[in-house]
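Here's the structure we're looking at; comments come further down.
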Amino acid sequence: MEKVVPSREEAFELLKEYNKSDSLIHHALAVESVMLHFAELFGEEDKEKWGIVGLMHDLDYEMYPNEHCKKVREILAERNWPEDYIHAIESHGWKFCSNVEPTERMEKVLYTVDELTGLITATALVRPSKSILDLEVKSVKKKWKDKRFAAGVNREVIAEGAEMLGMDLGKVIEETIKGMRDVAENIGLEGNL
């Protein structure tokens, strides 16, 4: 059977079918926006693919937390999604809930920014403005050093991902913030500027 490349709308409907939590939907939208931003930054032709992979990366997380990055293959294969989309989504959990290594640039970006969007969100929310629109890299780096802050964020993954991309950590943080700013209102980070 021929593989089906989903539209963004179809992907979003599927995401909402498997995820009811606003925070997970916001996280998916943040990662999608960051992936679109990096695709543009790198001059990638298939921006929509990057965006959809970012949007769908946690598809199985809410319903199947113990099978995260594994159940997604079954869900998407049943719907005839292309193998490269499925592989990319599985690879973001490399070493933790998946043995699929990120090898393509798109996969390495997803691996890097997934955790980073969480740290950036947490940093923005403790600021007086509660906004990502005035958030600076130095604020995120300061919170990075405090291991008790957003303790669930795996900083090693972010650092390893930046290294895999051959990018300075500060630059990765800067570009991730820029990507998230594009959807600040949709992810609850417009704040009170």
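Can you confirm whether region 114-124 contains a residue that is in contact with a strand residue (DSSP E or B) (Cβ under 6 Å, 6 or more places away or on another chain), assigned to a helix (DSSP H, G or I), of a type in the set (D, E, K, R) and crowded, with 17+ Cβ neighbours inside 10 Å? Explain how you work it out, then say what you get.
Start the filter on region 114-124 by keeping residues that are in contact with a strand residue (DSSP E or B) (Cβ under 6 Å, 6 or more places away or on another chain), which leaves none.
Checking region 114-124: not a single residue is in contact with a strand residue (DSSP E or B) (Cβ under 6 Å, 6 or more places away or on another chain), assigned to a helix (DSSP H, G or I), of a type in the set (D, E, K, R) and crowded, with 17+ Cβ neighbours inside 10 Å.
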Pairs please, first residue from region 84-110 and closer than 21 Å to H37 by Cβ, second anywhere and hydroxyl-bearing (S, T, Y) and outside any helix (DSSP H, G or I), Cβ atoms under 8 Å, 6+ apart in sequence or on different chains.
S91/S98; S91/T103; H92/S98
Among the residues of region 100-112 satisfying the criterion of being out of contact with any Ser or Thr (no Cβ under 6 Å at 6 or more places or on another chain) and part of a helix (DSSP H, G or I), which is nearest to H27 (Cα to Cα)?
L110
Looking only at residues that are aliphatic (A, V, I, L, M) and free of Cβ contacts under 8 Å to residues at least 40 places away in the same chain in region 72-83, which one is surrounded by the fewest Cβ atoms within 10 Å (Cβ to Cβ)?
A77
Here is a list: G54, G93. Which entry is crowded, with 21+ Cβ neighbours inside 10 Å, within 20 Å of V157 (Cβ to Cβ), of a type in the set (G, A, S) and modelled with pLDDT under 95?
G93
If I go through region 75-99 residue by residue, how many of them are within 18 Å of V4 (Cα to Cα) and either small (G, A, S) or assigned to a loop (DSSP other than H, G, I, E, B) (or both)?
6
Scan region 36-71 for residues that are free of Cβ contacts under 8 Å to residues at least 24 places away in the same chain and either within 13 Å of H87 (Cα to Cα) or outside any helix (DSSP H, G or I) (or both) and jot them down.
G43, E45, D46, Y64, K71
Part of a helix (DSSP H, G or I), surrounded by 19 or more Cβ atoms within 10 Å (Cβ to Cβ) and of a type in the set (G, A, S): is that true of G179 in this structure?
yes
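The values are calculated or read from the model by the stated rules, or taken from the named source; none is laboratory data. Keep in mind that what you see is a predicted model, and the values were worked out from it rather than measured. Cβ: placed from backbone, ideal geometry, glycine included. Neighbour counts: every protein chain shown.
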